[in-house]
């Protein structure tokens, strides 16, 4: 697999000082996720999954190793360059949808496009297409408070895809949903990942949704191992 397309972590380590002790959270962790691939990451609380996501999403610098998206390394980038990379190359879906309460569903998507400098007509077309694909067209002019939990997460997925990112990170996206809605949401993430040939990484405790994933890895001793 050529890493000109996809997401990679190579020999990533991360440690921090806790009093007089140095805690090693990630230890020579490597991962490659190809275009069209959804990888699940599991592991107990405190195993380093949040640190792993923060480093993959360019929110935290690793102590060692490198992270690449479409063959481009994060190393040496300024805070402004990293912010630009997050906006244009990375999509995030969190446990709670984190929608802006005073914006309609369509406006949630249009705001992201505006921040990225997308042309308004193109942004409108992409927003409409994503809302239709995720079964939300009839909710385009609704406020988040009027949506069900499953609908809110679907809006969050649409928003994450809005800027056509190379990689999507999902952090426990089914945590607030029942089994049926959880399966719907992860099914939609998997479907869009395949359709748009993106790379996706999902941290989850929910073994009910693993059938949608191409690979399932387990965080153990600061590394990712196959289950």
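A short reminder: the numbers here are calculations on the coordinates, not readings from a lab. This one's a predicted model, so the numbers in the text were calculated from it and none came from an experiment. Note that we place each Cβ from the backbone using ideal geometry, even for glycine, and neighbour counts take in every protein chain shown.
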### Message
Given all pairs of different Cα atoms, what value in angstroms does the Kirkwood hydrodynamic radius of the stretch 163-227 take?
### Response
12.6
### Highest to lowest packing among 36-42, 67-73, scored as the average C-beta count within 10 Å
36-42, 67-73
### Query
In degrees, nearest 10, range 0 to 90: what is the angle between the Cα axis of helix 79-89 and the longest Cα principal axis of the chain?
60
### Summary
Calculated from DSSP helices alone, with each H run of at least 4 adding -39500 (n - 2.57) and the total divided by the residues of the chain, [θ]222 nm to the nearest 500 comes to -10000 deg cm²/dmol
### Query
Regarding the stretch 52-150, what is the average projected area of its C-alpha convex hull, in nm²?
7.8
### Task
With an 8 Å cut-off on Cα pairs and a minimum separation of 6 or more residues, tell me the relative contact order of the chain in percent.
31
### Query
So, in nm, how far is label residue 22 from label residue 207 when the simple model puts each one 7 Å beyond its Cα toward the Cβ?
3.7
### Message
What is the distance in Å between the Cα centroid of the stretch 145-215 and that of the stretch 65-116?
### Response
16
### Query
For the stretch 132-192, how big is the tail of P(r) above 19 Å, as a whole percent of Cα pairs?
26
### Task
Report the antiparallel proportion of the DSSP beta bridges in the chain as a percent, rounded to a multiple of 5.
55
### Task
Note the angle between two axes, namely the Cα long axis of helix 105-115 and the longest principal axis of the Cα atoms of the chain, as a number of degrees from 0 to 90, rounded to the nearest 10.
60
### Query
Please state the Cα pair-distance histogram of the chain with 5 angstrom bins from zero: what percent is in each bin?
1, 7, 15, 18, 20, 16, 12, 7, 3, 1, 0, 0
### Summary
Simple spin-label estimate for residue 142/residue 13, 7 Å along Cα→Cβ, in nm, reads 5.0
## Note on the structure
Longest principal axis of the chain (C-alpha) makes with the long axis of helix 179-195 (C-alpha) an angle, in degrees to the nearest 10, of 80
### Query
FRET efficiency for residue 81 and residue 218, Cβ-Cβ distance as r, R0 = 25 Å, nearest 0.05?
0.15
### Å³ per residue enclosed by the Cα convex hull of the stretch 1-103
154
### Summary
Hull volume per residue for the stretch 60-101, using the convex hull of the C-alpha atoms, in Å³ is 110
### Message
Just the number: Rg to Rh for the stretch 110-227, Cα atoms, Kirkwood Rh, two decimals.
### Response
0.99
#### Entry: Sequence ranges 86-92, 19-25, ranked by mean other-Cβ count within 10 angstrom, highest first
86-92, 19-25
